[in-house]
1. Just to confirm my numbers, what's the Cα centroid distance between the range 141-157 and the range 592-608 in Å?
2. Not counting ligands, DNA or RNA, and with a 1.4 Å probe, what is Thr684's accessible surface area in Å² rounded to the nearest 10?
3. How do Tyr169, Tyr668 rank by accessible surface area computed with a 1.4 Å probe, from largest to smallest?
4. List the GluC sites (Glu not before Pro) in the range 623-696 that DSSP assigns to loop (not H, G, I, E or B) and whose Cβ has at most 13 other Cβ atoms within 10 Å. Which are they?
5. So, with +1 on the Cβ of K and R and -1 on the Cβ of D and E, and no other charges, what is the size of the charge dipole of the chain about its Cα centre, to the nearest 20 debye?
6. Taking 41 Å as R0, compute the FRET efficiency from the Cβ-Cβ separation of Tyr229 and Phe316 and round it to 0.05.
7. Please compute the per residue accessible area over the chain with all protein chains in place, 1.4 Å probe, rounded to a whole number of Å².
8. Roughly to the nearest percent, how much of the accessible area of the chain is carbon and sulfur, given a 1.4 Å probe?
Amino acid sequence: MNEQDCPDELQGVVEAVSFRNDENSFTVMDVACGGELVTAVGVLPQVTAGEALLLRGRWRFHPTYGKQFDAQLCQRSMPVTQSEVLKYLGSGMIKGVRGTTAQRIIETFGDQTIDVLKNHPGRLAGIRGISAEKAEQISESFCKQFSLRQVMISLERLGLTTAECLRAYKAYGPRTAELVLQNPYLLCEGEPGVGFARADSIAQALPAPPDALQRAIAGVLHVMRRHCYQNGHTCMPAARLPEPCAALLQIALPQAQAAIDQLLDEKRLVAYAPLKDEKNTLIFLPALFKAEKNCAVRIGDILAFPPAKTEWDGDFDTLVTRMEDAHGIHYDELQRQAMRIAMEQGLLLLTGGPGTGKTTTLKGILQLFLAAKLKVALTAPTGRAAKRMQELTGQDAKTIHRLLEVEWGEDDHQRFARHRQNPLPVQAVIVDEVSMVDTALFSALLDALPLGCRLVLVGDADQLPPVGAGCVLQELMKVDALTGAESAGTHHFLPVVRLTKIFRQALESLIVVNSHAIVRGELPALDAKEGDFFFLERQNGARAAQTIVQLCGTRLPKAYGYNPLGDIQVLCPSRKGACGTGRLNELLQETLNPQNGHKKEHRVGHRLFREGDKVMQIKNNYDLLWQRPGDAEGGMGVYNGDIGVIEKILPPEGIFKIRFDDDRVTEYPFDAASEELEHAYAVTVHKSQGSEFPAVVIPVVGVTELLCYRNLLYTAVTRAKKLLILVGSRQTLAQMVANHHKSLRFSALAAMLCEGRAAG
């Protein structure tokens, strides 16, 4: 964010701080400006009464609290005069110092006060009421607060928001300002999260900007991070990397290559030649190379050390037949094959589309594990997917993050309590929706498996790849094609079973039948007048949007009794346009949750949140506390894709109270909402992965070329359990079905597995 994004200014003196959240620094304060007392809010750490500030942001009108200034940028100065230092010390910011003690310190040391507090804490012990131990504590607290304050002032002058300053300080500590002035491109890396363009503009404005090589190195790393963490690659072909780097930096290709070579020499990038093919060398960020290599090694270990045999009550066929009789079902040959592999080998990859018996097979495998008295863990990438798995099996299921017991270190980085030295206390793990699992998470899961643990991976290879870097499912399915070990139905090196037969009951559903037609590249049947799959033709986005609002607001609730918030989900290929999530969320909020005098509202950026709104978490947040009714302990963590409703908005505390679909209730800070919370009346298809909804409505008109492809449509259609309605253009729908382009992802996992097989 820059000054142009914050058109309004407020300059004045802080009269009082009425609220401060110590965890996120959200502050509500009264500011004296031109003889008027106004309320200002924002992420404003260390603001104290008596402090003169220049704030940039926007004026807002809050329905309950009236006119407020929403501060995004804050400029302040260090206390200089004795009066200013007295106010700062007396504000309570320094542990152990209050009004009377602050007055005594000023009276004793005068203009030397700051020097004494920083460099000569022993002299404080000469003041009545301050022991030598307390003097050290006061100095330590002062230095910590003062260094943060100095960093904030220095970085705010460069145009960074207060939140960005805080993140930079967390990453680099007391020397942050010094390090950033030497190399502003540090702001692009990790926690600060400042884009390359802004860091570059800051660098070029400095009296002594970094040299050309330093800038080029930052540009190369930016391109690599963008390709990996935004576009989903784990690596980039070495031959294709210099060109986008040179284009970004506006330099010649040899200069871009020199920066790449420098990064390789410094081990900040890793080169890897798959299957010893030097002509096709791949370039990795070190963390992703380590994760992908670890996946290959750990899978090799699973295959090399199969699980111990278990005690059976009879042979395999007898037990399966007994299960069939008990549940009134019949497993076909491939399903039985999958169940046998799951029991006898250490690894099974089970894949198939809707209606092919994947869930029935998964449940059969689970019953076999339980019959063999194995301790089993069920897991899935998202909370909604885990909840559905639990409902289907009747057994407890957790997200992968919860299974691995995610935790945060003092450096605010994610760690898992379960790993090689502290593996999961289980003998079998079943992972559903594995198409959504990225490389880093898969590596962590494999590290947490004890030796001899069975691993069953269940997914649909025709769905969209994960949001994060990698394409684990597709890479695992490529291995035997690369080695020539492929055979019908089952693969020799990696035990893969792909279910293809659509069962009779599933054939009664047009959702299932049309899903498979889409995968085959055939246009789905669009003229049905009854059933569970309908197409409403609308030739432009505005008319389609109007129809979608009517469907959600009146037509589907009236015809089927569906709850507009809980049962109906609009899934959009895009965020933009007349039928993108942005516009449809505005229209649906207006229809399903209109403004009235009783509902509180709060604007976060360009979004207006209202009590009763349907919302979605769009990033994993592992340190949000939640509770369920009757659960005194609760837990931590709200995950990407979780959907809920805003029950209350509490502006003085700076929080939303949100109840998620699985009855978790969390108090959600306003400042976190700007980057982590969106309206969810309409969500993108990508955000719906791993979820199912009773009724799904999909706009198929005005879809951009980049998003007009088959497996995006297939993923959207297969989210519907009972009813699917397409609204839009036959031509657009035909284009999506015809385009078999899958998001190309560069990855070396399959090659690494092949190398491991050859070495073994």
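The values are calculated or read from the model by the stated rules, or taken from the named source; none is laboratory data. Keep in mind it's a predicted model, so treat the numbers as computed, not measured. Note that we place each Cβ from the backbone using ideal geometry, even for glycine, and neighbour counts take in every protein chain shown. The accessibility values were calculated without ligands, DNA or RNA, using every heavy atom of the protein model including side chains. Shrake-Rupley method; radii C 1.70, N 1.55, O 1.52, S 1.80 Å.
1. Here the answer is 36 Å between Cα centres.
2. Ignoring ligands and nucleic acids, Thr684 comes out at about 10 Å².
3. Sorted by accessible area, descending: Tyr169, Tyr668.
4. Glu633
5. Numbers: 83 positive and 87 negative charges, 138 e Å.
My answer is approximately 660 debye.
6. Numbers: r = 44 Å, r/R0 = 1.08.
In this case the efficiency is close to 0.40.
7. Computed with neighbouring chains in place, this is 44 Å² per residue.
8. The value for the chain is 50 percent carbon and sulfur by accessible area.
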